[in-house]
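Just below is one structure, and these are the notes that go with it.
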Amino acid sequence: MMLPGEIPTTILYSLGDGACRTMDELDEALDLSRHQISKGATKLIFRGLAERVEAGCYRLTDAGKQAVRNGVQLTSGPIKPDRGKRRKPQRNTLRQRAWNIMRMGDAFTVPDLMMVVQTGGEKTAANNLHRYIRALTKHGYLLEMPRRMAGTKVTSNGYKRWKLLNDTGPIAPVLRPGSNVMFDHNLGEVVPCR
C-alpha cells in the first residue's frame, strides 16, 4: 500500500516530460486505479504543480517541471502555510487576561497573575498559566529573570519571575495543541520554538 504522498509523487514524475497525458495513458503506465490517479492528479492541481488541459488530460505546470528537476518528494499534510484563518482569537480567556498583564511591562510571578486574572470559574488556573508561561518562554516571548521574588513560607525557594521581551500586539499568542509552535495573530504567522 502506498503512503499518502507517494501517489501524487508517482503521477508527478510520470508527467515529468511535460507532455499532456490522458487518463488512459496514465492508467496503462502506472500501477494505480483510475480513482487513485484522479485523486492524485487533483492534489497536484491543488498544489499548482499540474493542470487539466481538457477532461481527463493532465500536464505539469512550470512549477511542476521545476519540482521534477529538483527531485521533490511530496508528503501528506497541509499544503498552504498556516495563517490562522480557521479560528478567531477568543477575547476573555485566562491566557488573554494574563497576556494583557504581561504587556504592562513589569516583571511578574504566577501568584501576581493569579490575583488579577482569575475569575473563579477556572479549575486549574495555576497549571494553565504555568504551561502558557513555559510555552511563551520557549518561543522567545518571555525572559525568566535570574532572581526570584521572596516566598511567603520560611522554607520557600521563592517565586520565579518573568518579563515580557517580545510584545507583538494585543492578542495573546496561541499554543497549537499537539505541536511545538505558537500562532501569533498579531503577526499573522506561526512562531517556531527556539
Running a GNM on the chain with Cα contacts under 10 Å, which residue among 14, 156, 38 ends up with the highest mean-square fluctuation? 156
What residues have an amide H closer than 5 Å to that of residue 158, excluding those fewer than 5 places away on the same chain, when H is modeled at 1.01 Å from N in the peptide plane? 151
Size of charge dipole - the chain - debye, nearest 20, with Cβ of Lys, Arg +1 and Asp, Glu -1, no other charges: 1380
Helical contribution to [θ] at 222 nm, DSSP H n ≥ 4, -39,500 (n - 2.57), averaged over the chain, rounded to 500: -10000 deg cm²/dmol
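What does the highest-first list of 64-72, 42-50 look like by mean Cβ count within 10 Å?
42-50, 64-72
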Projected onto the charge dipole of the chain (+1 at Lys/Arg Cβ, -1 at Asp/Glu Cβ, origin at the Cα centre), which of 151, 108, 162 gives the Cα projection farthest towards the positive end? 151
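Every number here is computed from the coordinates shown, using simple stated rules; none is lab data. What you see is a predicted model, and the numbers here were worked out from it, not measured in a lab. Positions of Cβ are generated from backbone atoms using ideal geometry, with glycine treated the same way; all protein chains shown enter the neighbour counts.
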